[in-house]
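Take a look at the structure below.
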Amino acid sequence: MGRTADVAVIGGGVIGASIAYRLAKAGKKVVLCERYDLTAGATGACDQMVILQSKNPGIHLRLALDSAAMFQDLSRELDYPIEYFRHGGMITIENEMEMGVMTDFVARQKKIGLEVEIISRADAAKRQRGLADHLLGCTFSRQDGHVNPFKLTLGFAKAAKALGAEILIDAEVTGFKEEGGKIKGIKTAKGDVDAEVTVLAAGAWSPLVAAQVGLTLPIKPRRGQIIITEPGPPYVVGGILSAQYIVAKYHPETLRDAKSRGVQLGVGLALSQTAKGDILIGATREFVDYEVSNTREGIREILKNAARLMPGLKKMNVIRIMGGSRPYTPDGLPLIGFPKGREGLFLAAGHEGDGIALSAITGRIVADLLTEGKTYTDISPLDPNRFPLIAS
Amino acid sequence: MENADQEIIICRCEEISRRQILAAIADGATTIKGVKIRTEAGMGLCQGRTCRRLITQMLAQSGARPAAELYPPTSRPPVRTAQVGEYIREEDD
Ligand SMILES: Cc1cc2nc3c(=O)[nH]c(=O)nc-3n(C[C@H](O)[C@H](O)[C@H](O)COP(=O)(O)OP(=O)(O)OC[C@H]3O[C@@H](n4cnc5c(N)ncnc54)[C@H](O)[C@@H]3O)c2cc1C
Ligand code: FES
């Protein structure tokens, strides 16, 4: 059975769901096609942080701030409890090198409008029990928060449906419909969808889908493993990251001679507690193709790192482990826009470790571009054509 | 009678009723995982050991998929409940 839509969306992760919702709200007829089920990809295997402090001061931080502002009212707007809480966040600083990087980072973030500061070990301890004695201090921002990624995605999907969007699950996209050099829709396991525009939002799998129309996307899957403890009383306040993560992300050269297994696996602390009480402990950053299994080594390195920074975690009971494929891009920014030479296709993928935090604003930007042809801010750094997409 | 039936608790750990699970199936869930993300059934302390069979039956009855397909292969080894500290200590052996 064929369907017709203004916009077909490929991928039922947080990004596809957010886009479907905003487009439906703007009056577009949307059909979203998901291969397995909503949240089957990275969205269903991730931490829950909406951390602003980890974002590079620039467009990345600006978009994260705008997205966070949208989350504040989103439960009411979607009529669905997305469990967004602004409990603040900290980044642990262990040595002088990290202190140097973070001092500079924080100064530049303040200029963009983030409320963030460096606090002493003693002040950090007033906020959070169980921190290691050797910490030099932490950065702190009260604007940081977290959100339940499952509820967020289901909430977007439910609200989109209420506005007339169709959400097809078990509907793998197997090809595109092309006519006169233009992309006119998609072929799926649940039939064809004719659409004026097709939005590719399949996260780490986007390159596989795009290859069917001869596009080479620079997105690669980057595995993250995380560990979940049994629910307990409130312990972890807000979100906690380690400066290792920032240093690894923005100053990889400083890690060049780091030989520890943890560093090689890209381990950086990502810690938070859910509304139900489970503590999420992350994470690795590994290039292992589309593998999402867990490894003993990965789990151990994550826990070793977490217990070093926060010995108070040692008594927590582990009950579950997960792994997911983050959509990595070489410059850490997503690809959002029309790829040249493939009329009818729009890309919205490559949010790597920030897709939850950036989901709300991504939906808005895509809907703006597809309805008005422009959006509220300069997003040229996200233009997919900054990469060579068509092999010559 | 019908109504009382609907309020029967299927997942005890998370206190999820038959009605909530049927609503998840109506929302498109075709697998155990699909029910889990929509209701949190199966995410409790027993990690679904108690409720999985009942939910599988309900899914099979809904006819969304043949029963044989209801157990998607998973690469996750069941985790032995242990303290963080024990996981780390293992390495020193
Ligand atoms: C361990 C870990 C921790 C993380 N922590 C955070 C965090 O704290 N904060 C944060 O903001 N982000 C975090 N992230 C990143 C975040 O999870 C991702 O950026 C985000 O989920 C990406 O969403 P997405 O919708 O683009 O991709 P996905 O969620 O991967 O969705 C893509 C969807 O496309 C579907 N698909 C693939 N191929 C096809 C096809 N051919 N046809 C139809 N559908 C298809 C897939 O099944 C999948 O459901 C973390 C990630 C990991 C792995
Ligand atoms: S009865 Fe459902 S998780 Fe325990």
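For the protein assembly as shown, the share of DSSP beta bridges that are antiparallel, to the nearest 5, is 70%.
Between amide H atoms placed 1.01 Å from N, distances below 5 Å from A:THR284 occur with A:GLN225, all of them 5 or more places distant or on a separate chain. Between A:ILE228, A:ILE112, A:ILE19, the GNM of chain A built on Cα springs shorter than 10 angstrom shows A:ILE112 fluctuating the most.
The residue among A:TYR80, A:ALA5, B:GLY48 whose Cα reaches farthest toward the positive pole of the charge dipole of the protein assembly as shown, with charges on the beta-carbon of Lys, Arg, Asp and Glu, is B:GLY48.
At a Cβ-Cβ separation cutoff of 4.7 angstrom, cysteine residues of the protein assembly as shown with no neighbouring cysteine are A:CYS33, A:CYS46, A:CYS138, B:CYS13, B:CYS46. Taking the Cα centre of the range A:311-386 as origin and assigning +1 to Lys and Arg Cβ atoms and -1 to Asp and Glu Cβ atoms, the resulting dipole is close to 500 debye. Rounded to the nearest Hz, the phi-derived 3J(HN,Hα) couplings of the range A:170-184 under the Karplus curve 6.51 cos²θ - 1.76 cosθ + 1.60 (θ = phi - 60°) are 6, 10, 4, 7, 10, x, 10, 9, 10, 8, x, x, 10, 7, 10, where x marks glycine and proline.
Each residue was assigned an accessible area with a 1.4 Å probe, and for A:ASP194 the value is about 60 Å². Under 19 Å from a label point 7 Å along Cα→Cβ of A:GLU115: give me every residue in the range A:55-75 with its amide N that close. The answer is A:55, A:61-74.
For the Cα atoms of chain A, what angle does the longest principal axis make with the long axis of helix A:149-162, in degrees from 0 to 90, nearest 10? Approximately 30 degrees, to the nearest 10. Solvent-accessible surface of the protein assembly as shown, averaged per residue with a 1.4 angstrom probe and all protein chains in place: 42 square angstrom. Projecting the Cα atoms of A:ALA204, A:VAL237, B:THR39 onto the charge dipole of the protein assembly as shown, computed from C-beta unit charges around the Cα centre, puts B:THR39 farthest toward the positive end.
Assuming charge only on the beta carbon of Lys and Arg (+1) and of Asp and Glu (-1), the dipole of chain A about its Cα centre is about 460 debye to the nearest 20. Would chain A count as rounded, prolate or oblate if I go by the C-alpha gyration tensor, calling it rounded below 1.5 in a/c and otherwise prolate when a/b exceeds b/c, oblate otherwise? The shape class here is prolate.
For the charge dipole of chain A, defined by +1 on Lys and Arg C-beta atoms and -1 on Asp and Glu C-beta atoms about the Cα centroid, which residue among A:ALA64, A:VAL318, A:ILE19 has the Cα displaced farthest towards the positive pole? Of A:ALA64, A:VAL318, A:ILE19, it is A:VAL318.
The A-B contact accounts for roughly 2700 square angstrom of buried accessible surface, both chains included, probe 1.4 angstrom. For the range A:362-379, putting each phi into the Karplus relation 6.51 cos²θ - 1.76 cosθ + 1.60 with θ = phi - 60° gives couplings of 4, x, 5, 4, 5, 5, 4, 5, 7, 10, 9, x, 8, 10, 6, 9, 6, 10 Hz, in residue order, rounded to whole numbers and with x for Gly and Pro.
For chain A, modelled as a GNM whose springs connect Cα atoms under 10 angstrom apart, the maximal fluctuation among A:LEU347, A:LEU208, A:LEU163 occurs at A:LEU208. Helix A:96-112 against the longest principal axis of chain A: what's the angle in degrees, Cα atoms only, rounded to the nearest 10? For A:96-112 against chain A, the angle is about 50 degrees. Note on chain A: GNM, Cα springs under 10 Å; of A:GLY155, A:GLY27, A:GLY88, the largest mean-square fluctuation is that of A:GLY27. Assuming a ≥ b ≥ c are the square roots of the Cα gyration tensor eigenvalues, decide whether the range A:197-275 counts as rounded (a/c under 1.5), prolate (otherwise, with a/b larger than b/c) or oblate. Here the range A:197-275 falls in the oblate category.
Computed packing ranks the peptides A:216-222, A:350-356 as A:350-356, A:216-222, most packed first, by mean other Cβ atoms within 10 Å.
Excluding same-chain neighbours fewer than eight residues apart, the lysines reachable from A:LYS55 by a Cα-Cα span under 24 Å are A:LYS110, A:LYS111, A:LYS151, A:LYS220, A:LYS249. Which of rounded, prolate, oblate describes the range A:60-131, given a ≥ b ≥ c as roots of the alpha-carbon gyration tensor eigenvalues and a/c under 1.5 marking rounded, otherwise prolate only if a/b is larger than b/c? Cα axes put the range A:60-131 in the oblate bin. As a calculated quantity, the FRET efficiency between B:ILE9 and A:LYS315 at R0 = 30 Å, using C-beta atoms, amounts to about 0.45. In this structure, A:MET99 and A:GLU372 have a Cβ-Cβ separation that, at R0 = 60 Å, corresponds to a calculated FRET efficiency of about 0.85. Helix A:59-71 axis versus longest C-alpha principal axis of chain A: approximately 80°, rounded to the nearest ten.
Working note: Karplus 6.51/-1.76/1.60 with θ = phi - 60° gives the range A:200-206 the couplings 8, 10, 9, x, 5, 8, 4 Hz, where Gly and Pro are set to x.
The values are calculated or read from the model by the stated rules, or taken from the named source; none is laboratory data. Because the structure is a prediction, the values reported are computed rather than measured. We place every Cβ from the backbone using ideal geometry, glycine too, and count neighbours over all the protein chains shown. Quick note on the areas: whole protein, heavy atoms, side chains included, nothing else; ligands and nucleic acids left out. Shrake-Rupley method; radii C 1.70, N 1.55, O 1.52, S 1.80 Å.
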